[in-house]
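Reviewing the structure listed below.
Read-outs throughout are calculated quantities, based only on the coordinates presented, and are distinct from any laboratory measurement. In this text, all values refer to a predicted model and were calculated from it rather than measured experimentally. Note that we place each Cβ from the backbone using ideal geometry, even for glycine, and neighbour counts take in every protein chain shown.
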Amino acid sequence: METTGMDHYLEAAKRAAQWHRDYREQMKQCRFDTIATHGIYSMQEALDFNQGSIVEPVYMSTSQAYRDADEMEAALGYRIPTWCYSRIANPTMYYLEGVLALLDGYGSDVETSCIATSSGMAAIQSAVDPFLVVDPRNPKAPMNFVATAQVYGGTYQQFSMRKHHDRDVEWRKVCHSTDLAEWESLIDENTRFLYGEMPSNPCQAFFDLEKVAALAHKYGLPLIIDSTVATPALLRPIEHGADIVVQSVTKSLATSGFGISGAVISRKNLVSNIDNPEMKADFATWLKLLPNRDNGPNISPMNAVLALNDIRTIRMRMDHMSRSTMKVAQYLEQHRHVEKVDYLGLETDALHSLASDYMYLVDSEYDDQYGTKVNRYGHLMSFNIKGDAKQTRDVFNAFTRIWRATDLGRIKSVATIPAISTHAQQGEEGRKLACIPANLIRLCIGVEHPDDIIKDIDQALAVLDGRKVKVTTPEYSAGGASSATLRNRQA
């Protein structure tokens with residue numbers, strides 16, 4: 001008998017949901033590159049609904065229309081799939097979330113889900129805030145969380161100012177992340193989660209992920225990992241016991257630099273001492289439909305499709321850039337003007353052996369080029385100049401091919417001085433905890449030929465020999481007068 005009214009939509013939703021579950025299971029059987037290329041966008045969906053579009057369409061619409069009141073009621077009550085309003089959901093966002101969930105869950109039997117956000121910082125806030133709620137059993141108890149001190153400068157500010165200072169939620173800093181006893185000593189009955197960034201930006205801190213995950217679960221706590229630098233092409237923390245992964249998709253996943261985006265990927269049935277069964281059952285979906293619906297930090301459709309397009313080549317790019325970075329790091333390690341190099345790929349790095357247990361190029365054993373598992377350590381590194389802050393600036397200012405910018409993961413190589421940029425706001429004491437001196441340059445290698453990057457570094461370091469490097473600035477840019485020219489005219 002044909003269903004009508006509300007029942008019609010509920011039955012149709014059940015069939016559609018089952019079809020999408022089955023298709024997702026089919027995609028999970030594919031190799032990493034195939035998932036990155038196709039995601040959860042199917043040929044059937046393209047032909048039936050999207051005019052045969054081979055790539056995921058951009059749904060540039062704020063909201064969805066409904067056939068009648070019954071469909072609207074079912075949709076707004078979350079009884080059927082809907083993208084009622086793009087602040088909450090949108091088909092283009094759905095495609096991005098689907099591929100990221102599969103990639104970070106790849107190689108494990110863990111079921112994952114994802115919510116895409118407007119930035120990496122929005123992803124961090126979305127991932128941690130649901131655990132920082134008052135315990136009704138002890139409403140006056142002071143909350144705390146345990147997190148590594150070696151984190152990105154924006155994360156440091158969010159934790160120290162927005163959480164600790166503004167909300168009086170204590171950030172208990174792990175200064176030596178390889179010391180499991182230090183982690184455990186900071187946990188008590190009011191701890192809400194454990195958090196780490198690995199490899200850390202910029203100084204490549206790393207720890208034994210499986211042991212820290214086991215420690216978190218011993219106390220009924222979730223482990224949240226920022227895996228932005230590694231990407232799922234080199235490291236998938238959920239496979240090793242993490243409950244939640246944060247990605248600043250802006251960076252390596254969306255390498256073009258056209259848009260800002262972030263993501264929270266979670267395992268189903270995560271560990272938490274918060275009494276919220278729905279949240280624990282499917283954290284990312286719960287986050288999407290409830291807290292983030294109300295707070296509004298989710299991604300825009302255009303930024304979602306820009307990220308989708310770059311993700312298709314993530315494994316190949318991370319392989320190429322990792323190999324190039326290794327070559328640059330080896331060059332810098334031998335340079336007379338370099339005091340220290342932080343790169344996990346170097347055998348001289350204190351954390352090299354530990355990182356080698358975790359960081360592999362995904363599917364390299366199935367690759368005709370390799371035929372075995374090969375370690376890759378990413379495209380981010382840092383090095384310390386033998387000199388003071390001024391000499392460090394002199395070298396930095398002499399780059400001609402490497403872009404000076406507070407960015408990483410780009411298709412082009414970029415560099416910054418963290419002490420005056422990404423980590424400036426956290427102050428001298430905070431930088432000391434994070435091991436960020438004034439003579440440190442963070443370098444992120446792009447897809448250029450490494451020999452050309454080395455040439456640029458070499459001529460920049462030559463300023464320390466007293467050789468002048470001529471840096472020319474055009475009088476006019478392609479779009480008109482340069483900012484320097486305009487300033488001179490105003491003067």
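Around A17, with a cut-off of 12 angstrom between Cβ atoms, what is the net charge of the other residues, counting Lys and Arg +1 and Asp and Glu -1? Provide the component values of the computation, followed by the final result.
On the way: positive: K14, R15, R21, R24, R79; negative: E11, D22.
Net charge around A17: +3.
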> Over the Cα atoms of the range 101-149, what Rg and Dmax result, in angstrom?
Replying inline: 15.1, 43
> Along the charge dipole of the chain, Cβ charges K/R +1 and D/E -1, which of S364, T313, H335 sits furthest on the positive end?
Replying inline: H335
>> Explain nothing, just compute: Karplus ³J(HN,Hα) = 6.51 cos²θ - 1.76 cosθ + 1.60, θ = phi - 60°, for every residue of the range 55-63 in order, whole Hz, x for Gly and Pro.
In response: 9, 4, x, 9, 8, 8, 9, 6, 8
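Rounded to the nearest 20 debye, what is the charge dipole size of the chain about its Cα centre when +1 sits on each Lys and Arg Cβ and -1 on each Asp and Glu Cβ?
Details: 51 positive and 61 negative charges, 348 e Å.
Charge dipole of the chain: 1680 debye, to the nearest 20.
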> P(r) for the range 60-99: what percent of alpha-carbon pairs falls in each 10 Å bin, starting at zero?
Replying inline: 31, 52, 17, 0
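What is the diffusion coefficient of the range 200-262 in µm²/s, taking the Kirkwood radius over Cα pairs and the Stokes-Einstein relation at 4 °C with a viscosity of 1.567 mPa s? Write out the running numbers ahead of the final one.
Details: Rh = 12.6 Å.
Calculated translational D: 103 µm²/s.
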> How far is helix 314-333 tilted, in degrees, relative to the longest principal axis of the Cα atoms in the chain, given as a value from 0 to 90 rounded to the nearest 10?
Replying inline: 20 degrees
>> Report the Rg/Rh value for the range 364-448, based on alpha-carbon coordinates and the Kirkwood definition of Rh.
In response: 1.11
>> If you fit an axis through the alpha-carbon atoms of helix 450-461 and take the longest principal axis of the Cα set of the chain, what angle between them do you get, 0 to 90°, nearest 10?
In response: 50 degrees
> For the range 159-175, in order, what is each residue's ³J(HN,Hα) by Karplus, 6.51 cos²θ - 1.76 cosθ + 1.60 with θ = phi - 60°, in whole Hz (x at glycine and Pro)?
Replying inline: 6, 6, 9, 6, 9, 6, 6, 6, 10, 6, 9, 6, 9, 8, 7, 8, 8
> Once phi is turned into ³J(HN,Hα) by the Karplus curve 6.51 cos²θ - 1.76 cosθ + 1.60 with θ = phi - 60°, what whole-Hz value does each residue of the range 306-311 show in order, with x for glycine and proline?
Replying inline: 4, 5, 3, 5, 6, 4
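Calculate the tail of P(r) for the range 136-204: the fraction of all Cα-Cα distances greater than 13 Å, expressed in %. Intermediate results must be reported in sequence, preceding the final value.
Numbers: 1518 of 2346 pairs.
Result: 65 percent of Cα pairs exceed 13 Å.
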> Expressed as a rounded percentage, what relative contact order does the chain have, with Cα pairs under 8 Å and six or more residues apart?
Replying inline: 15 percent
>> Quick check on the chain: what are the equivalent-ellipsoid semi-axes from the Cα gyration tensor, as sqrt(5λ), descending, whole Å?
In response: 40, 28, 23
>> Could you tell me the ratio Rg/Rh of the range 314-485? Both radii from Cα atoms, Rh via Kirkwood.
In response: 1.01
> So how do 235-245, 76-86 stack up, highest first, on mean other-Cβ count within 10 Å?
Replying inline: 235-245, 76-86
>> Less than 21 Å apart at the alpha-carbon level, and either on another chain or at least 8 residues along: which lysines does that give for K340?
In response: K327, K386, K390, K432, K455
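Return the loop-located chymotrypsin sites (Phe, Trp or Tyr not before Pro) in the range 280-380 (DSSP other than H, G, I, E, B) with at most 15 other Cβ atoms within 10 Å of their own Cβ; answer none if there are none. Mind showing how you got there, number by number?
Numbers: sites: F283, W286, Y331, Y343, Y358, Y360, Y366, Y370, Y377; in loops: Y343, Y358, Y370, Y377.
When the chymotrypsin sites (Phe, Trp or Tyr not before Pro) of the range 280-380 are filtered for loop state and at most 15 Cβ neighbours within 10 Å, Y370 remain.
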>> From the mean inverse distance of alpha carbon pairs (Kirkwood) and the Cα radius of gyration, derive Rg over Rh for the range 325-410.
In response: 1.05
> Quick one: helix 5-28 against the long Cα principal axis of the chain, what's the angle to the nearest 10°, folded into 0 to 90?
Replying inline: 40 degrees
> Distances over 23 Å make up what percent of all Cα-Cα pairs in the range 170-315?
Replying inline: 41 percent
> Under a straight-distance cross-link criterion of Cα-Cα below 17 Å, which aspartates and glutamates are reachable from K211, leaving out those fewer than 8 residues away in the same chain?
Replying inline: D179, E182, E184, E197, D226, E239, D243, D357
